[in-house]
Amino acid sequence: MTKEDFTLDPKFIAGVDMIRRTGSQTFRIGYSDEADGPPTVWFATATWLKSQEAAGALDPVTAIMRLCELVIDGGLCKHCNLPTIFISDSDDSFLSEIGCVYAWDPELKVFRRGCEGE
């Protein structure tokens with residue numbers, strides 16, 4: 001799989017959009033210098049008015065999902081006022097009892113918040 005193939009994963013774009021929806025001012029995705037040798041390490045970074053965060057992984061989609069988890073988990077949903085929980089891979093509906101779950105919607109190819117309804 002080439003570096004360009006990862007952008008074909010719908011979670012790549014949806015994850016970047018999720019970071020944008022948190023109010024980030026900047027977003028950046030990159031990878032380690034190939035001259036450093038394997039493995040290639042991918043990073044995703046974002047900045048807000050008073051903070052910045054970064055996450056890394058061995059592929060760009062996982063780096064973005066980790067950044068989403070880092071900035072969304074433990075927040076507060078502006079719509080339902082419950083703690084926010086980010087789930088990138090599965091529908092853990094039992095978590096909706098303790099917070100507002102942002103989960104992958106494969107039909108719409110977006111991450112939707114639990115309080116958004118059907």
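The values are calculated or read from the model by the stated rules, or taken from the named source; none is laboratory data. All values derive from a computational prediction rather than experimental measurement. Backbone-built Cβ (ideal geometry, glycine too); neighbour counts: all protein chains shown.
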Discussion item. Given (1) part of a helix (DSSP H, G or I); (2) under 17 Å from Lys11 (Cβ atoms), identify the lone condition not met by Ala103.
Written reply: (1)
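Residue by residue, here is whether (1) touching a residue at least 60 places away in the same chain (Cβ under 8 Å); (2) surrounded by 13 or more Cβ atoms within 10 Å (Cβ to Cβ); (3) in contact with a Lys or Arg (Cβ under 7 Å, 6 or more places away or on another chain); (4) of a type outside the set (Gly, Ala, Ser) holds:
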residue: Asp9; (1), (2), (3), (4): no, yes, no, yes
residue: Met18; (1), (2), (3), (4): yes, yes, no, yes
residue: Thr45; (1), (2), (3), (4): no, yes, yes, yes
residue: Leu70; (1), (2), (3), (4): no, yes, no, yes
residue: Lys78; (1), (2), (3), (4): no, no, no, yes
residue: Cys100; (1), (2), (3), (4): no, yes, yes, yes
Discussion item. For segment 106-118, which positions are in a loop (DSSP other than H, G, I, E, B) and either at pLDDT 70 or above or surrounded by 19 or more Cβ atoms within 10 Å (Cβ to Cβ) (or both)?
Written reply: Pro106, Glu107, Leu108, Lys109
Discussion item. Looking at segment 19-32 only, could you name the residues that are assigned to a helix (DSSP H, G or I) and modelled with pLDDT of 95 or more?
Written reply: Ile19, Arg20
Discussion item. Just to check your reading of the model, which residue among Ala63, Ala54, Ala35 is assigned to a helix (DSSP H, G or I), surrounded by fewer than 16 Cβ atoms within 10 Å (Cβ to Cβ), free of Cβ contacts under 8 Å to residues at least 40 places away in the same chain and of a type in the set (Gly, Ala, Ser)?
Written reply: Ala35
